[in-house]
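Heads up: the structure comes next, in structure tokens.
The values are calculated or read from the model by the stated rules, or taken from the named source; none is laboratory data. The model shown is predicted, which means the values in this text are computed figures rather than measured ones. Note that each Cβ is placed from the backbone with ideal geometry, even for glycine, and that neighbours are counted across all protein chains shown.
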Amino acid sequence: MKKRWNRIKTFFSKPYNILLIAFLIVLSFLVVIPLISIVRDTFIVHSAEKSRVHQAVGTFTTYHWKRLFGAQFSKSLLWDPLKHSIVTSAWACVVSILIGGSFAWLVSRSDMRWKKLLTKLFIFPYIMPSWTLGLAWKNFFKNIEITGSNGIFHSFTGITVPTWFAYGEFPIIIVTGMHYAPFAYILIGGILHNMDANLEEAAIILKTSRLRMFLRITIPIVMPAVLSTIILVFSGAMASFATPQFLGLPVRYYVLTTELYASINGTNPGVGYILAMIMILISVIIMFVNQRLIGNRKSYATVTGKSANISIFHLGIWRTPVSIVAFIVVMCMSVIPLVTFALESLLSYTGVYDFNNLTLSFWIGQAQGHDTWQSESGILRNAEVYRTLWNSLRLAFTCALGAGTLGFLAGYSIVRRRGSFLSQVVENLTFIPYLIPSMAFSAIYLSMFATKHGIIPSLYGSFAILALIGTIKYLPMASRSGVNSMLQLSPEIEEAGIIMGVPWLKRMTRIIIPIEKTTIVSGYLLPFISAMRELSLFVILVTANNRVLTTLLLFYDEKGYTQFSNAVNLLIIIVVLLINFTVEKLTGASIEKGVGG
Amino acid sequence: MKKLLALLMAVLMCLSLAACSSNGGGETPAETPAETPAEEPAAETSAETFDELLAAGIANGNKLTIYSTHSVTVTALEAFMKKYAPEIEYEGTQVGDTEQITQVAQEVKEGVSGADIIFIQDGGRVLTDLVEEGYVYNWYNQEIKDLVGEDCEPLLVWDYCNKVVMYNNGSDNTYNEGDITNLWYATDPANKGAFWMKDPTTEGVNMNFLVNLTSEENAAKLEAAYKEYYGQDLVLDEDCPNAGYQFIKMLYANEMMLGSSDSTIAKDIAAAEKPQSGLLTLNKYLKSRGDQLENGSYRLLYAKDEVAPFAGFIYPIYGLQVANADNPELAKAFLIWLYSPEGWYGDGELTIADGSVYKGMQGRYGDYSGNTSNPVADGDMSVVEWKKILVQEDPEQAAEYRADVEDFIQLIK
């Protein structure tokens, strides 16, 4: 008995054990219950479904399952959207790897010009909200064949693009691929950059051709990064909502997320919850494949150490043309979208790109009354905009503080007890929020926290529920970066402190945090930026009184206040970029360090 | 494999945890029936007058909160409170219908303080999701009854809005006034991909319109109009029980374009250089008049009585009381006041929070008071005239058949 008591005492004398137990309890409540909740919601009648199920609200039913998998509706509700999701996500992987991979190679292995500027700009699409490129595509390519009015491209070139180019599968693939291209660049570039030059030098000595070297050395080495990119981009693309909504809706091209949104907001939320479960299942399969394929080879490329002398490929006469092409591609991805937002926000009459048609009214003008298109004050003198901006900032700050701190502590305790069962359970728990689609996750939080539970008051409509869901949803990012950074840190350093009798708190603040400073700040930066540009996670939890900038943008967009929505979009991007670069300048942390660790 | 096992264990452990927690966090909003506070029965006309309710509301002293799909109610609240109850706190917010349904249901169910009164469209879902569940109730007194008449039931109409066929004008390649004479034009292959509607799955009133088209009466009218347009009898497809369904099917098959906002669609149609049209709120016509062409004509025109069998649809925004209101008396007084000429148009002196004069619905096309004695804007037609040529929203029929029509669209979209 005493022996057991002593064992328990020893167990709890280690701060990381206490942390792991705390994480286990808290995350079980915040992560696992939502999962169970989703399952439960697929078997009950919701109030919107009364007229179709003909049963009392809250009673048991198998209606949703029968409807989704029955012969009549399964094609349009499930198989078609599923097929569309898989096709667009798979091709988006190809696009992002082609763009991001080539760019990574050009930056790390060639003598391309303007590298510094281009690498800064290349990250933009990831920092910007996910719908940004979709919206820009629409602004740019719409033309009279499709919407009847001219977009910027048609105005300047007179060229009319076909419908398949402007709406539907093709633009969704290209836009999603471009949005995730920075992932490919960061992951593949990281490996190319740290690659051991000896391998190539050996090949050169053996007079291997450039092509053979590329195929037999470079490609195999970047393969793990390519696979990582595929996993990240595929799951990201599967879960993306805004882009398929903007570009798919007009031609009625539905993917799983847009079908989920339509179901949850329509008269059959039960079906929406089954779709959410299917999406989670797909993510789990991807994660499993990921672990099987590359789980043990993650650090494959860096174990050999850094080489000081990476051979640079000289582009020769192709140097300038290649640089110009890269420059144009980067411009299309990062600068032109911003220009289109600025331009659209300055048009007094939509669709007319004429100098006389420009106005600052939607930025600084007074409201013009309800019989004009400007029924509100310009965004810079609009109290609502400032209120929502402030809400967004404090929400992003709180989420970053929560996810960043918890992620770091989770990383610390998981790595310290690595190999133990408890540590593995907690590591998986911190990753689950990544698998649950944002929209389903928030639907569950809405029902979980609307009611008072013991000491937890009803959080409905409060700031706290937004902060809570943001913290948990972004925990996987922060804990991944926490785990990865702690893995690089040798335990002896902390052990030295233990031997000297330095208490835990002091060891953390004096030893570990200073060493890991940059990575820790990156762990805060990523949730901050994600929260600033988040829409689908907050959209159903935000009430009219605690709107954030992204939901205000959606509100303007739904109202058709085109200039306002473009102006707010630009405002969000500017704020995010400013904060990103300020933090980067001050601390050396960067978004690149947060992605994939 | 070990990791996956660990994940499974984590889930199992927490399942037991969930079972222990009081019904779990997984309790859904819809699970338990709402406890509705005892309120006046909806069917009876309340005896209280505006003056009594106003006095009682001021005595009550609680904050007055409204949610509305319409922006004018928000400024109207400012004007009303400033004049009649300056000492009472208030808050008015514009919230879309789908969002409002979720929010109000959640707030009342959980007893969270929210709106006292709501102004909301989409009668079909309001009836099933809010009224039947007891979250909101229909209320009117004799003063309102005298002004609004039969539109007090089943849900009290505060404002009628209409969506009518709008088309572009102004160049050789666009429509000319009077070109559109039959609603079946939207199904004509000549107009493939050139007819717009706001996505019916995102804005319920549009779905209700499609549902209402399938009623026996409207389907019969559509059938007659088909013969007029195509010169032959309508032959129904196997999956179409009547002409209403057939119309919807042909509309989708003709690549009807779906938009996310009437304003955006209106701007795009107005700027188009080939024939484009759609069903849009009449208010967009008024706004686009600012974009007049050099020859004095407008870029955007709208159909009136020349379109058979309907030129569009008309739907109400209802004014409904919330079951757990903090200040129900003041909410009711505000509602009564909205029907008065002062509430509808202002009196030229009444001001809103920023000090500017309250104009209400002055000069606004496409908004018609439930009190038909309030005159409409110059140049617009009265609600009585509009009702003759538009499909009038029938919330009860919409509530009953909405799931059927949604399922039908799901299969053909």
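Structural remarks
- Of the residues in segment A:107-119, at least one is of a type outside the set (S, T, N, Q), within 19 Å of A:VAL226 (Cα to Cα), part of a helix (DSSP H, G or I) and in contact with a Leu (Cβ under 9 Å, 6 or more places away or on another chain).
- Among the residues of segment B:148-167, the ones that are of a type in the set (A, V, I, L, M) and within 29 Å of B:ALA186 (Cβ to Cβ) come to 4 in all.
- Subset of segment A:1-41 (residues that are under 27 Å from the mean Cα position of the chain (by Cα) and either among the charged types (D, E, K, R) or outside any helix (DSSP H, G or I) (or both)): A:ASP41
- Some residue of segment A:323-346 being outside the structural domain of A:LEU505 (by TED's automatic domain parsing), over 28 Å from the mean Cα position of the chain (by Cα) and not in a helix (DSSP H, G or I): no
- Scope segment A:239-270; condition at the interface with chain B (Cβ under 10 Å from one of its Cβ atoms) and either aliphatic (A, V, I, L, M) or at positive phi (or both); matching residues: A:LEU249, A:VAL251, A:ARG252, A:ALA262, A:ILE264
- Residue in segment A:22-41 that is farthest from A:ILE280 (Cα to Cα), counting only those that are of a type in the set (A, V, I, L, M, F, W, C) and without any contact (Cβ under 8 Å) to a residue 60 or more places away in the chain: A:ALA22
- Of all residues in segment B:261-279 being out of contact with any Lys or Arg (no Cβ under 8 Å at 6 or more places or on another chain) and more than 7 Å from chain A (Cβ to nearest Cβ), the one that is nearest to B:ILE248 (Cα to Cα): B:GLY278
- Of the residues making up segment A:384-397, none is in contact with a helix residue (DSSP H, G or I) (Cβ under 9 Å, 6 or more places away or on another chain), β-branched (Val, Ile, Thr) and surrounded by fewer than 20 Cβ atoms within 10 Å (Cβ to Cβ).
- Subset tally (residues that are surrounded by fewer than 17 Cβ atoms within 10 Å (Cβ to Cβ) and aliphatic (A, V, I, L, M)) for segment A:29-62: 2
- For segment A:459-478, the tally of residues that are touching a Gly at 6+ places or on another chain (Cβ under 8 Å) and assigned to a loop (DSSP other than H, G, I, E, B) stands at 1.
- Qualifying residue in segment A:410-423 (condition: in contact with a Ser or Thr (Cβ under 7 Å, 6 or more places away or on another chain), outside any helix (DSSP H, G or I) and either at pLDDT below 90 or within 17 Å of A:SER565 (Cβ to Cβ) (or both)): yes
- Scanning segment B:183-215 for residues that are over 22 Å from B:VAL405 (Cβ atoms) and not in a helix (DSSP H, G or I) returns B:ASP188, B:LYS192, B:GLY193, B:ALA194.
- Failed condition for A:LEU468, given (1) buried (at least 19 other Cβ atoms within 10 Å of the Cβ); (2) closer than 24 Å to A:THR582 by Cβ; (3) of a type in the set (A, V, I, L, M, F, W, C): (2)
- Residues located in segment B:170-180, provided they are within 14 Å of another protein chain (Cβ to nearest Cβ) and either touching a Phe, Trp or Tyr at 6+ places or on another chain (Cβ under 6 Å) or of a type in the set (A, V, I, L, M, F, W, C) (or both): B:TYR175
- Yes/no for A:ILE188 being in contact with a Gly (Cβ under 6 Å, 6 or more places away or on another chain) and surrounded by 16 or more Cβ atoms within 10 Å (Cβ to Cβ): yes
- Enumeration of residues in segment B:383-402 that are surrounded by fewer than 21 Cβ atoms within 10 Å (Cβ to Cβ) and at the interface with chain A (Cβ under 8 Å from one of its Cβ atoms): B:GLU400
- Among the candidates A:SER565, A:SER522, residue that is in contact with a Lys or Arg (Cβ under 7 Å, 6 or more places away or on another chain) and at pLDDT below 90: A:SER522
- Condition met for A:LEU77 (surrounded by fewer than 23 Cβ atoms within 10 Å (Cβ to Cβ), in contact with a helix residue (DSSP H, G or I) (Cβ under 7 Å, 6 or more places away or on another chain), modelled with pLDDT of 90 or more and among the aliphatic types (A, V, I, L, M)): no
- Scanning segment A:42-52 for residues that are assigned to a helix (DSSP H, G or I) and in contact (Cβ under 8 Å) with a residue 12 or more places away in the chain yields A:ALA48, A:GLU49, A:SER51, A:ARG52.
- Among the residues of segment B:81-91, those identified as within 14 Å of chain A (Cβ to nearest Cβ) and not in a loop (DSSP other than H, G, I, E, B) are B:TYR90, B:GLU91.
- Helices (runs of 4 or more DSSP H) wholly inside segment B:301-413 containing at least 2 residues that are under 18 Å from the mean Cα position of the chain (by Cα), modelled with pLDDT of 90 or more and within 30 Å of A:VAL251 (Cα to Cα): B:395-412
Residue-wise test of (1) touching a residue at least 24 places away in the same chain (Cβ under 8 Å); (2) touching a Leu at 6+ places or on another chain (Cβ under 9 Å).
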residue: B:ILE120; (1), (2): yes, yes
residue: B:GLY123; (1), (2): yes, yes
residue: B:THR128; (1), (2): yes, no
residue: B:VAL131; (1), (2): yes, yes
residue: B:ILE144; (1), (2): yes, yes
residue: B:GLU150; (1), (2): no, no
residue: B:CYS161; (1), (2): yes, yes
residue: B:VAL164; (1), (2): yes, yes
residue: B:GLY170; (1), (2): yes, yes
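- Segment A:402-451, subset away from chain B (no Cβ under 13 Å) and among the polar types (S, T, N, Q), residue farthest from the chain's Cα centre (by Cα): A:SER413
- Qualifying residues in segment B:92-149 (those that are within 13 Å of another protein chain (Cβ to nearest Cβ) and at positive phi) - the one modelled with the lowest pLDDT: B:GLY111
- Among the residues listed as A:LYS83, A:LYS50, A:LYS3, the single one being modelled with pLDDT under 90 and more than 11 Å from chain B (Cβ to nearest Cβ): A:LYS3
- Qualifying residue in segment A:530-544 (condition: within 14 Å of chain B (Cβ to nearest Cβ), touching a strand residue (DSSP E or B) at 6+ places or on another chain (Cβ under 7 Å) and either outside any loop (DSSP other than H, G, I, E, B) or over 18 Å from A:LEU406 (Cβ atoms) (or both)): yes
- All conditions but one from (1) buried (at least 16 other Cβ atoms within 10 Å of the Cβ); (2) out of contact with any Asp or Glu (no Cβ under 8 Å at 6 or more places or on another chain); (3) within 24 Å of B:ASN283 (Cβ to Cβ) apply to B:GLN410; the one that does not is (3).
- Among the numbered conditions (1) at pLDDT 85 or above; (2) in a loop (DSSP other than H, G, I, E, B), the only one that A:SER307 does not meet is (1).
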